[in-house]
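A short worksheet on the structure shown next.
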Amino acid sequence: MEDRWLGFGKYELEIERQQLDDEGAELTVEMQEAFDVLLKPGVIEDAAYRKRARDILQKSTALPTRRDFGFHEPSDLAAIRDARPADSGELPGFNLSEQDYYDHVYGAWLGRCAGCLLGKPIEGLLVRDIWPYLQEIGQFPLRQYLDSSLPEALKEKYPFETGRGYIDQVDHMVEDDDLNYTVTSLAVMAQYGWDFTPEDVATFWLDNLPAYHTFTAERVAYRNFLLMKYPPESGQYCNPCREWIGAQIRGDYWGYVCPGETQRAAELAYRDACISHVKNGIYGEMWAAAMCSAAAVLSDPLLILEAGLAQIPAHSRLTSFVHEVMDWFDSGKSVEEACKLIHQKWNDANPHHWCHTLSNAQIVALGLLWGQGDFEQSISWAVTAGIDTDCNGATVGSIIGMMYGAKNLPDRWIAPLNDRLDTGISGYQHVLISDMAKLTVQMANDGGFF
C-alpha cells in the first residue's frame with residue numbers, strides 16, 4: 001500500500017495476484033493476460049494504469065475456485081458454522097466469581113500490552129537481520145524488553161529505527177493498532193450493546209477512528225465505507241489485503257467478554273471481521289476470540305488452541321497450517337527447528353507473507369505450544385520468531401494473561417506499563433488498563449455472565 005493514500009498500483013496488483021493463488025482462484029486467460037501486462041517492469045503507473053488496476057481488483061474476487069483446491073472456506077457465518085469440526089468438544093463451565101474474573105480479564109489486557117510492547121521495537125525487521133542482532137546482545141530468545149542503548153559498533157552494524165517503544169523511552173503502553181482495536185471493540189459494545197451489527201462497527205470507525213490510524217485491509221474498508229459499500233461488501237471490494245492479519249488482532253476483546261463461551265465470542269468476532277476481511281481473514285479473528293474465551297476456563301495451551309480451531313472451518317487453510325505446527329510440536333521438534341520451518345514456508349521480505357493471517361497464526365501457535373504456559377517464554381518466542389512481532393506477542397500475551405490472571409503475571413513485565421495505555425480512539429486517548437478491565441466486566445455483566 002502507498003504510505004498514506006490508498007491507491008491502485010503495481011503493489012496492490014502484486015498482492016492481489018498472490019492472494020488469488022492462495023484462494024485457489026481459477027483465472028481466465030483474459031485476467032491472466034491483464035495481470036501480466038500491468039505487472040511488467042517499467043510500466044508507468046499513471047491515471048490510466050490505476051484505472052485498469054482497479055478494474056482488475058473489481059473483477060478478481062468474483063473468479064470461481066479451482067476444482068482441485070483442497071479447502072472449503074466460506075465467508076458467511078452460517079456456512080462457517082456448518083463447516084466447523086464435527087466434534088468441537090465441551091469446555092468446563094465458567095464458574096469464576098466476578099472478582100476473580102476481573103483479575104483474569106485484567107491479566108489479559110496487561111498481557112496484550114506487554115506482548116505488544118515487547119515486539120514493537122523490532123516490528124518490520126527481517127529475521128536475517130534481527131536474529132544476529134539479538135544473539136550479539138545476548139537476547140536470543142528475548143527475555144526482557146528492548147532498550148535503545150547500543151555500543152557504537154552495533155549502532156553502525158544494525159541501524160534500526162529508534163523511538164518505537166524501547167523500554168528506556170516509555171513509561172506506559174504507547175499507542176499501537178493492536179491495542180487501538182481492542183479498545184475499539186470495548187467502545188463499540190459500550191455504545192451499541194451486545195446486539196451491535198457490522199454496520200455499527202463501521203459507523204464507530206468513521207466517527208472515532210482516524211483513517212490514518214488504520215492500515216492494509218482496515219484502510220481499504222475505511223475507504224469502502226466512504227464509497228457507501230456496506231458490510232460485507234466493504235471487506236471484499238478492491239481489497240487485496242482481505243486475508244491479512246488486521247482482523248486477527250481485533251479478536252481478543254470478544255473473548256474477554258465471553259468467558260468460556262467460545263461460540264458466542266466467535267460470533268461477535270465475525271460481526272467485526274466481516275467489515276474488512278473474508279475467509280481466513282475472518283477465521284483469524286474468530287480463532288483469536290475463541291482462544292481468549294477458552295483461556296478463562298482452561299489452563300492447557302494445546303486445549304486452548306483446539307478450542308479456537310473448533311469455531312472455524314475444519315477444512316480451511318488456517319486450520320491446516322495450525323495443525324502443521326501442532327504436528328511439529330508432537331513430533332518433538334525444538335522451537336528453533338519450528339521457527340526455521342515457518343521461515344522456509346513464508347518469506348518475511350514479501351509483504352503478503354509478512355502480514356498474512358496464516359503466517360502469523362503459525363507463530364501464535366508456536367508461542368503457545370513451546371511456551372508451555374509460561375508467560376515470559378510464550379511472549380518471548382511469539383516475538384523472537386519474527387514476522388509481525390508486535391501482533392503475535394500481543395495475541396499470545398493476551399491468551400496467557402487471561403489464563404493466569406493479573407496477580408500471577410511477572411512484575412518485571414507488568415510494572416513498566418504503569419497501568420496506562422494511550423490510543424488513537426476518540427474518548428479513549430489516555431486510559432488506565434485497569435479501567436478497561438473494569439468496563440469489560442461490566443459488559444460481561446450485561447451479557448448475563450453474573
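Below, the figures for the structure above:
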quantity: Residues within segment 331-351 that are out of contact with any Lys or Arg (no Cβ under 9 Å at 6 or more places or on another chain), assigned to a helix (DSSP H, G or I) and either free of Cβ contacts under 8 Å to residues at least 40 places away in the same chain or open to solvent by less than 30 Å² (accessible area, probe 1.4 Å) (or both), tallied; calculated: 9
quantity: Considering residues of segment 417-446 that are touching a Lys or Arg at 6+ places or on another chain (Cβ under 8 Å) and among the aliphatic types (A, V, I, L, M) only, the residue least open to solvent (accessible area, probe 1.4 Å); calculated: 433
quantity: Residue satisfying all of: in segment 46-80; in a loop (DSSP other than H, G, I, E, B) and in contact with a helix residue (DSSP H, G or I) (Cβ under 6 Å, 6 or more places away or on another chain); nearest to residue 320 (Cα to Cα) among these; calculated: 71
quantity: In segment 274-302, residue surrounded by the fewest Cβ atoms within 10 Å (Cβ to Cβ) [restricted to those that are in a loop (DSSP other than H, G, I, E, B) and of a type outside the set (A, V, I, L, M, F, W, C)]; calculated: 299
quantity: Residue 316 vs. criteria of a type in the set (Ser, Thr, Tyr), modelled with pLDDT of 95 or more, more than 29 Å from residue 211 (Cα to Cα) and touching an Asp or Glu at 6+ places or on another chain (Cβ under 9 Å); calculated: yes
quantity: Boolean, residue 91 is at pLDDT 95 or above and either of a type outside the set (Lys, Arg) or at negative phi (or both); calculated: no
quantity: Residue identified as more than 18 Å from residue 142 (Cα to Cα) and under 19 Å from the mean Cα position of the chain (by Cα) among 436, 443, 402; calculated: 402
quantity: Selection count, segment 376-416, where residues are within 21 Å of residue 176 (Cβ to Cβ), touching a residue at least 40 places away in the same chain (Cβ under 8 Å) and either open to solvent by 10 Å² or more (accessible area, probe 1.4 Å) or basic (Lys, Arg) (or both); calculated: 7
quantity: Test set (1) open to solvent by 10 Å² or more (accessible area, probe 1.4 Å); (2) not in a helix (DSSP H, G or I) - residue 328 fails condition number; calculated: (2)
quantity: Flag for residue 48 being open to solvent by 70 Å² or more (accessible area, probe 1.4 Å), more than 30 Å from residue 299 (Cα to Cα) and modelled with pLDDT under 95; calculated: no
quantity: Unmet requirement for residue 249, which otherwise passes all of (1) assigned to a helix (DSSP H, G or I); (2) open to solvent by 10 Å² or more (accessible area, probe 1.4 Å); calculated: (2)
quantity: Pair list, Cβ < 7 Å and 6+ apart or interchain, from segment 103-119 residues that are in contact (Cβ under 8 Å) with a residue 40 or more places away in the chain to residues that are basic (Lys, Arg); calculated: 103/407
quantity: Some residue of segment 227-250 being of a type in the set (Asp, Glu) and touching a Cys at 6+ places or on another chain (Cβ under 9 Å); calculated: no
quantity: Helices (runs of 4 or more DSSP H) enclosed by segment 119-225 - at least 3 residues per element that are under 30 Å from residue 235 (Cα atoms), touching a Phe, Trp or Tyr at 6+ places or on another chain (Cβ under 7 Å) and not polar (S, T, N, Q); calculated: 177-192, 198-208
quantity: Check on residue 344, among the polar types (S, T, N, Q), over 18 Å from the mean Cα position of the chain (by Cα), modelled with pLDDT of 95 or more and under 17 Å from residue 126 (Cα atoms); calculated: yes
quantity: Sole exception among (1) crowded, with 24+ Cβ neighbours inside 10 Å; (2) under 17 Å from the mean Cα position of the chain (by Cα) for residue 271, by number; calculated: (1)
quantity: Where a residue in segment 132-145 is over 20 Å from residue 165 (Cβ atoms) and its partner, wherever it lies, is surrounded by 15 or more Cβ atoms within 10 Å (Cβ to Cβ) and at pLDDT below 90, with Cβ under 9 Å and at least six apart; calculated: 132/158; 136/158
quantity: Top-ranked residue in segment 315-325 [being surrounded by fewer than 17 Cβ atoms within 10 Å (Cβ to Cβ) and in contact (Cβ under 8 Å) with a residue 40 or more places away in the chain; ranked as farthest from residue 108 (Cα to Cα)]; calculated: 315
quantity: Residue among 262, 216 that alone is in contact with a strand residue (DSSP E or B) (Cβ under 7 Å, 6 or more places away or on another chain) and either open to solvent by 10 Å² or more (accessible area, probe 1.4 Å) or farther than 21 Å from residue 178 by Cβ (or both); calculated: 216
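To keep it simple, each residue is scored yes or no on (1) open to solvent by less than 40 Å² (accessible area, probe 1.4 Å); (2) within 22 Å of the chain's Cα centre (by Cα).
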position	(1), (2)
12	yes, yes
31	yes, no
66	no, no
78	no, no
87	no, no
100	no, no
109	yes, yes
118	yes, yes
121	yes, yes
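The values are calculated or read from the model by the stated rules, or taken from the named source; none is laboratory data. Because the structure is predicted, anything quoted here is derived from the model rather than measured. Backbone-built Cβ (ideal geometry, glycine too); neighbour counts: all protein chains shown. The area values use the complete protein model at the heavy-atom level, side chains included, leaving out ligands, DNA and RNA. Shrake-Rupley method; radii C 1.70, N 1.55, O 1.52, S 1.80 Å.
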